[in-house]
Amino acid sequence: MTVISSWQHQLRARGTSAGAVTAALLSILAAWQLAVIVGNRVPSVTDSIQRLITEAEIGELWHNLALSMNRFVLGLAAALIVGAVIGVLMGLSRLADLAFSDLNAAALAIPAVIWALLTTMWFGFGWLTPVVTVFLSGLPFVVVNIAKATRAVPADLVLMARAFGVPRIRVLREIVAPAVAGSTIAAVRFAIMSAWNGLLLAEWFGATSGVGWRARYWYDANQLDGFLAWVLVFILLLVVADLLILGPIERYATRWRSV
Amino acid sequence: MTQTVALPDTGSVAANPPSRRRSRGPVRHNRWLVSGSALVLALAAWAALAAWVDDPILPTPVGVGEQVYAIVVSGEAVANFATSIAKIAAGFALAMAGGLVIGFAMGRSRFLNAYFSLPLFVLGNMPGLTYAVFGLLIFGVGAGGPIVVSALVALPFIAMNVAEGVRSVDGNLLAMCQAFERRRSDILRHLYLPALTTFVFAGVRYGFAMAWKVEALTEVFGASSGVGFMIRKAYQEFRVDDMLAWTALFIIAMVLIERGLAALENRFFAWRKEIA
């Protein structure tokens, strides 16, 4: 987990020069172009972007994105709520910690593809397959990080605040919130990463709509530019969610650490 | 409130052993009892659900246990896990070579650090699906796809950790080495190597968990052997019990390897008390 956060910090470090990032982007494009020339089946950048524009024009892009986002948010919200309850229990009670930690370690080890295939067999081609997969692949990450956040509450500071009669709302805002913010955001971030992966797989195997299904549609039609166009969308969504939304929130919430 | 907030402290026994020594005994004693009974409860809930559904779509724990036994006895388990682990090991060797070079460059140069950050972020966070499909498209159903995919997945974790390790090297020691004109190999051997091993280990442990999942996924999409291939076979034959049996084996193997790596780490860093 520290690896990821250092990753973020490095990416957004004050020293980060825009030049280096531009150079990196150019290198990625150059590598892609090289792959186009060397590998005979890799579609070019312009072809993929062209295909993406066509997808947007015929309405498939927004339609499938909206459908998938609907399922994603539903499953993720369920995972966050259930995971927060179990995680807080684990953080507060030694008994719950012992009871759940081994089960959760096992759940962490299960790859999302197994959930996707199992839910496809269980629920068939409906909305339940992607939603349950999103829920199950996000849940263990939420549990682990919320338990960590709960344990990070400085009990002695809370006790001292109570002894000095500090109002509850101030204790929450100034002692509890800063302590739990980092791990809570990590919970959301890991849940998003893992659940998004699960969503794509579930829609690939067991859905007739959504972004994963659309990517498979192009793959099955052997039109790799269509598939690559959707991969671009996946990566873009990830960068937006992680670097542009969660990243700044995390920096704001943990700003007291770096001072 | 007082009780509930104060309780978690007993969890971090190692943090202040003297004051908590009294509570340590009984807690230790309960550990296996509690986690064992939680496991039994979960299995009982599963069995009850299976009895209620009463359909091959949700097999009983006993049925899955028999399937696990059958797989292990037939030798399929060992054979397929061996091929999968061999592919991951080959991929990790590649990732280690690349990660050392990139990580070293990132640790030493601010520009290269910023330069590699975006590509590594994309590599480390790309959905497994895209890796699996590209692996299949470019390398076909052979061993090449899973090997390259696990290398690409593990690379960012190793590179980031190597960079962190290089940064942790004491600058004063480096300056002293220069002042006393130590050879380059000496600096690498005695200064960088001990600093890097801890960080590399952390990268390997985390990278392994990620790499194995994506490697299995690649095998689901296209392979002729390996755990992922067996999972796909179970799916195509619509055998839920077979799939659950392989899942159970997957979890067991993952936990065993994780434990093994942790033990190795303890052994390696026994001389560094503050880490172990």
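Which one of these is away from chain A (no Cβ under 11 Å) and more than 18 Å from the chain's Cα centre (by Cα): B:G222, B:G260, B:G226?
Of the residues listed, the single one that is away from chain A (no Cβ under 11 Å) and more than 18 Å from the chain's Cα centre (by Cα) is B:G222.
Does A:V153 qualify as being in a helix (DSSP H, G or I) and within 13 Å of another protein chain (Cβ to nearest Cβ)?
No, not satisfied.
Please find, among A:L201, A:L228, the residue that is within 16 Å of the chain's Cα centre (by Cα) and within 12 Å of another protein chain (Cβ to nearest Cβ).
One residue alone meets the criteria, A:L201.
Go over the candidates B:A245, B:A175, B:A211 one by one and state the one that is hydrophobic (A, V, I, L, M, F, W, C), on the phi < 0 side of the Ramachandran plot, in a helix (DSSP H, G or I) and surrounded by fewer than 19 Cβ atoms within 10 Å (Cβ to Cβ).
Answer to the selection: B:A175.
For B:M96, only one of the following conditions fails: (1) buried (at least 24 other Cβ atoms within 10 Å of the Cβ); (2) in contact (Cβ under 8 Å) with a residue 40 or more places away in the chain. What is its number?
Among (1) buried (at least 24 other Cβ atoms within 10 Å of the Cβ); (2) in contact (Cβ under 8 Å) with a residue 40 or more places away in the chain, the lone unmet condition for B:M96 is (1).
If a residue has to be more than 7 Å from chain A (Cβ to nearest Cβ) and farther than 16 Å from B:R167 by Cα to count, how many in the range B:105-122 make the cut?
Final tally of qualifying residues: 1.
Given the criterion farther than 22 Å from B:Y69 by Cβ, more than 9 Å from every other protein chain (Cβ to nearest Cβ), of a type in the set (D, E, K, R) and more than 15 Å from the chain's Cα centre (by Cα), identify the matching residue among B:R267, B:R205.
Within the list B:R267, B:R205, the selection yields B:R267.
A quick yes/no check of all residues on (1) within 12 Å of chain B (Cβ to nearest Cβ); (2) without any contact (Cβ under 8 Å) to a residue 40 or more places away in the chain; (3) of a type in the set (A, V, I, L, M, F, W, C):
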{"position": "A:A77", "(1), (2), (3)": "no, yes, yes"}
{"position": "A:G83", "(1), (2), (3)": "no, no, no"}
{"position": "A:L92", "(1), (2), (3)": "yes, no, yes"}
{"position": "A:F125", "(1), (2), (3)": "no, no, yes"}
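Report the residue count in the range A:127-147 for those that are at pLDDT 90 or above and either part of a loop (DSSP other than H, G, I, E, B) or closer than 12 Å to A:G83 by Cα (or both).
Of the residues in the range A:127-147, 13 are at pLDDT 90 or above and either part of a loop (DSSP other than H, G, I, E, B) or closer than 12 Å to A:G83 by Cα (or both).
So is A:G91 in the same structural domain as A:W196 (by TED's automatic domain parsing) and on the phi > 0 side of the Ramachandran plot or not?
For A:G91, the condition - in the same structural domain as A:W196 (by TED's automatic domain parsing) and on the phi > 0 side of the Ramachandran plot - is not met.
Of all residues in the range B:133-168, how many are over 19 Å from the mean Cα position of the chain (by Cα), under 22 Å from B:V220 (Cβ atoms) and in a helix (DSSP H, G or I)?
Selection size over the range B:133-168: 9.
Restricting attention to the range B:111-128, report how many residues are closer than 22 Å to B:R205 by Cα, part of a helix (DSSP H, G or I) and not β-branched (V, I, T).
Number satisfying all stated conditions: 9.
State which residue is farthest from the other protein chains (Cβ to nearest Cβ) when the search covers only the range B:188-200 and only residues that are under 17 Å from the mean Cα position of the chain (by Cα) and surrounded by fewer than 19 Cβ atoms within 10 Å (Cβ to Cβ).
B:T197
Out of A:R162, A:R251, A:R168, A:R189, which single residue is of a type outside the set (V, I, T) and away from every other protein chain (no Cβ under 14 Å)?
Every option except A:R251 fails the conditions.
In the range B:123-132, which residues are touching a residue at least 12 places away in the same chain (Cβ under 8 Å) and either over 18 Å from the mean Cα position of the chain (by Cα) or more than 7 Å from every other protein chain (Cβ to nearest Cβ) (or both)?
B:L123, B:G124, B:L129, B:Y131, B:A132
Within the range B:74-92, identify whether any single residue is more than 14 Å from chain A (Cβ to nearest Cβ), buried (at least 21 other Cβ atoms within 10 Å of the Cβ) and over 24 Å from the mean Cα position of the chain (by Cα), and answer yes or no.
no
Go through the range A:241-256 and give me each residue that's surrounded by 13 or more Cβ atoms within 10 Å (Cβ to Cβ) and farther than 15 Å from B:F121 by Cβ.
A:I249, A:R251, A:A253, A:T254
If you go through the range A:155-179 one residue at a time, how many are surrounded by fewer than 20 Cβ atoms within 10 Å (Cβ to Cβ) and in contact with a helix residue (DSSP H, G or I) (Cβ under 6 Å, 6 or more places away or on another chain)?
The total comes to 6.
Being in contact with a helix residue (DSSP H, G or I) (Cβ under 9 Å, 6 or more places away or on another chain) and not charged (D, E, K, R) narrows it down to one residue among B:A223, B:A263; which is it?
One residue alone meets the criteria, B:A223.
Which ones in the range A:112-134 are out of contact with any Leu (no Cβ under 6 Å at 6 or more places or on another chain) and not hydroxyl-bearing (S, T, Y)?
A:I114, A:L117, A:L118, A:M121, A:W122, A:F123, A:G124, A:F125, A:G126, A:W127, A:L128, A:V132, listed by residue number.
Of all residues in the range B:229-242, which are more than 10 Å from chain A (Cβ to nearest Cβ) and crowded, with 17+ Cβ neighbours inside 10 Å?
Correct list: B:F229, B:M230, B:D241, B:D242.
Would you tally the residues in the range B:135-161 being within 11 Å of chain A (Cβ to nearest Cβ) and crowded, with 24+ Cβ neighbours inside 10 Å?
Adding up the residues that qualify gives 6.
When you check B:V255 against the structure, is it surrounded by fewer than 17 Cβ atoms within 10 Å (Cβ to Cβ), within 12 Å of chain A (Cβ to nearest Cβ) and hydrophobic (A, V, I, L, M, F, W, C), yes or no?
Yes, satisfied.
I'm trying to understand the selection: among the residues of the range B:217-237, which are without any contact (Cβ under 8 Å) to a residue 12 or more places away in the chain and within 14 Å of B:A77 (Cβ to Cβ)?
B:K233
Are there any helices (runs of 4 or more DSSP H) wholly within the range A:17-99 with 3 or more residues that are among the basic types (K, R) and at pLDDT below 85, and if so which?
none
Sort through A:L232, A:L238, A:L243 and tell me the only one that's assigned to a helix (DSSP H, G or I) and at pLDDT 85 or above.
Every option except A:L232 fails the conditions.
Between A:L117, A:L52, A:L65, which is under 30 Å from A:Q223 (Cα atoms), over 17 Å from the mean Cα position of the chain (by Cα) and more than 14 Å from every other protein chain (Cβ to nearest Cβ)?
Result of the check over A:L117, A:L52, A:L65: A:L52.
The values are calculated or read from the model by the stated rules, or taken from the named source; none is laboratory data. Small disclaimer: the values here were computed from a predicted structure and weren't measured. Don't worry about glycine lacking a Cβ; one is built from the backbone with ideal geometry, like all the others, and counts go over all protein chains shown.
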